[in-house]
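Just so you know, all these numbers are worked out from the coordinates, no wet-lab data involved. Computed from a predicted structure; not experimentally measured. Every residue, glycine among them, receives a Cβ derived from its backbone with ideal geometry; neighbour counts consider all protein chains shown.
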Amino acid sequence: MHAVISVHCELMEHIIEIKDFTKRYRTGVEAVKGIDLVVPRGQFFGLLGPNGAGKSTTIHCLTGIAMPSSGILKIAGLDVVANYREARTKIGLSPQEFNVDIFSTVRQIIDFMGGYYGLSKETRTRRVDELLTQFDLQAHKDKQFQHLSGGMKRRVMLARAMVHEPEVLILDEPTAGVDVEQRHELWKHLKALSAKGVTIVLTSHYLEEVEYLCDRIAIINGGKIVADAMKEEFIKDGDTLENAYLRITGNMHA
């Protein structure tokens, strides 16, 4: 049994609060087993774990895609179940899958999401132009999504997630399928968002990505948080995040 690394953030405002959260599916599988987790406002937070560990389930319950079986999940003080509509406006989600109309243009995709969140036409026009510039997409604004490169598609997903100016940005494998050069370009955009005070939750199988970007990292395994610490704790004494991760998840002998 591995000792749990833990960190407490009592002096900062918690924008994400998860208390005794459990998710049990109809099959009887308990995907998440009573976890507690808090994320302070403005933190770049990494959530790691093997496939099936409970990462996606946690994200889906935070964003209202799935319902928790028990426990409390809050975004900016709002219960994600009791205050679903308002809580959802606080979150931008960039999913791993490209869940867009591939025949729509870049501008149309971002504008449509603004409409989903009830932004006025004037506000949508302003935000779309801001985001096209912010993510270096102006030259591609009238291209259909299907004709974009992998890196450009990921930028569109980020821009779409940011259109309503959310306080929390949740990124599920945001650089999957992207080449090295474009991955570094995306990292630059994510660093800039973090510098502006956006709280970011990142899940990624690229551990060097998490090590480079995140301030704090939690590891979930078997539906439980098995480690939670500032990045420096994982990489102290010249260790790498990958080695620490493998030890903690039991995939390598300590």
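What net charge do the residues around THR22 carry, taking every other residue with its C-beta under 12 Å from that of THR22, with Lys and Arg at +1 and Asp and Glu at -1?
+2
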Note to self: What whole-number distance in Å separates the alpha-carbon centres of the range 115-189 and the range 44-65?
What the structure shows: 21
Notebook entry, point to check: If contacts are Cα pairs under 8 angstrom and at least 6 residues apart, what is the relative contact order of the range 123-254 in percent?
Noted result: 16
Item checked: Mean projected area (nm²) of the alpha-carbon convex hull when the range 151-250 is viewed from all directions -> 7.1
Note to self: So if each residue of separation counts as 0.36 nm, and I subtract the Cα-Cα distance between LYS188 and ILE235, what length gain in nm does that give?
What the structure shows: 14.7 nm
Next item on the list: Using Cα positions and a limit of under 20 Å, work out the lysines in reach of LYS23, with same-chain residues fewer than 8 apart set aside.
Entry: LYS33, LYS55, LYS74, LYS224
Note to self: At most 10 other C-beta atoms within 10 Å and a DSSP loop state: those are the exposed trypsin sites (Lys or Arg not before Pro) I care about. Give me the longest piece of the chain that has none.
What the structure shows: 27-195
Checklist line | Per-residue HN-Hα couplings for the range 19-29 [Karplus 6.51, -1.76, 1.60; θ = phi - 60°; Hz; x = Gly/Pro] | finding: 10, 6, 7, 10, 10, 10, 8, 4, 5, x, 5
Check: What translational diffusion coefficient, in µm²/s and rounded to a whole number, does the Stokes-Einstein relation yield for the range 81-195 at 4 °C and a viscosity of 1.567 mPa s, taking the hydrodynamic radius as the Kirkwood radius over Cα pairs?
Finding: 91
Note to self: Quick one: 3J(HN,Hα) in Hz for the range 61-74, Karplus 6.51/-1.76/1.60 with θ = phi - 60°, rounded, Gly and Pro as x.
What the structure shows: 6, 5, 9, x, 6, 10, 9, x, 6, 7, x, 10, 10, 10
Next item on the list: Report the far tail of the P(r) of the range 39-114, meaning the percent of Cα-Cα pairs longer than 18 Å.
Entry: 53
Check: Extension gain THR27-ILE65, at 0.36 nm per residue separation less the Cα-Cα distance, in nm?
Finding: 11.9 nm
Check: In the range 80-146, what chymotrypsin sites (Phe, Trp or Tyr not before Pro) fall in a loop by DSSP, with at most 13 other Cβ atoms inside 10 Å?
Finding: PHE103
Check: Near the amide H of GLN43, under 5 Å away, which other amide H atoms are found, from residues 5 or more places off or on another chain, if H is placed in the peptide plane?
Finding: ILE200
Check: Considering only the other residues whose Cβ falls under 10 Å of the Cβ of PRO166, what net charge follows from Lys and Arg at +1 and Asp and Glu at -1?
Finding: 0
Notebook entry, point to check: Kirkwood hydrodynamic radius (Cα pairs, Å) of the range 167-208?
Noted result: 10.8
